[in-house]
1. Would you mind checking region 73-105 for residues with the amide N under 19 Å from a putative spin-label position 7 Å along Cα→C-beta of LYS151?
2. Provide, in order from the shortest bin, the percent of all Cα-Cα pairs of region 88-205 in each 10 Å bin, continuing until the bin that contains the maximum pair distance.
3. For LYS183 and ARG203, what does the FRET efficiency come to when R0 = 22 Å and r is the distance between their Cβ atoms, rounded to the nearest 0.05?
4. I need the fraction of alpha carbon pairs in the chain separated by more than 31 Å, rounded to a whole percent.
5. Gaussian network model of the chain, Cα springs within a sub-10 Å range: biggest mean-square fluctuation belongs to which of THR148, THR19, THR104?
6. Expressed in whole Å with the largest first, what are the equivalent ellipsoid semi-axes of region 143-205 derived from the C-alpha gyration tensor as the square root of 5 times each eigenvalue?
7. In degrees, nearest 10, range 0 to 90: what is the angle between the Cα axis of helix 147-157 and the longest Cα principal axis of the chain?
8. Quick check: the angle from helix 190-202's long axis to the longest principal axis of the chain, C-alpha only, nearest 10 degrees?
Amino acid sequence: MLMVKVNQPLILKELADATNDIARGEIIQLSLYKNSFSLELKDLLKVSYLKTGRLFEAAAKSGAMLAHASDIDVKNFGLLGKTLGIAFQIQDDILDYESLHIDTGKTALQDFQEGKVTFPLFFALHASTNEEKEFLLRHLGNKKLSKTLKKKVFAIVRAKAPALEAESLLNTYLAKTRKSLEKLSHHTCYQEMLNLIIFTSQRRS
């Protein structure tokens, strides 16, 4: 009902398209988890965009359109939302593992226990030994992991090499977001958007 009350066709279309894309992302994600052995980074990025980046993108573009921003500014707000959403998802995936040692309000290793191959696990599978990889895949989806097993999963996934890969990817998307924001420095919401970027990079919950 609220969407209809907006009475702006372009915004309604943007929100409707985003809703469809988010649903498509869920379906793609389910199919990818059944083929975790052949999973590529581009697959994870696509799902992260469709599930999270697309939501941020639609929100940013809709707000810009409501404020009667220029077409180029609407485009840049959309790009900012897209990359910020992906960065937010990467950080969320990292926190799923970090929750084992810091209070994030999240259940530690929930994604792992649900059988989800997220960014940290993806990098760990590519950086670990054959023995470690076999261990991770054997316990992926195990909803009854003991504390000992959780600690071992954490030690492999958050080892130096895969942890740096995940942090590097996060920083790449934060940098892309800042680049889009610099093109919007003339807007009154510039500082608020910058605060969102900083929050995404530092959030622990």
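Rule-based calculations on the coordinates, nothing more; no lab input. Bear in mind that the values here come from a model prediction, so they are computed numbers and not experimental data. All Cβ positions, glycine included, derive from the backbone under ideal geometry; neighbour counts span all protein chains shown.
1. Counting backbone N atoms under 19 Å from the label point, the list is 97-103.
2. Reading the bins upward from 0: 14, 40, 27, 14, 6, 0.
3. Details: r = 24 Å, r/R0 = 1.11.
E(calc), rounded to 0.05, equals 0.35.
4. Values: 5328 of 20910 pairs.
Cα-Cα pairs in the chain separated by more than 31 Å: 25 percent.
5. THR148
6. Details: eigenvalues 249, 37, 9 Å².
Value: 35, 14, 7 Å, ordered largest first.
7. That works out to roughly 60 degrees.
8. Relative to the chain, helix 190-202 is tipped by roughly 10 degrees.
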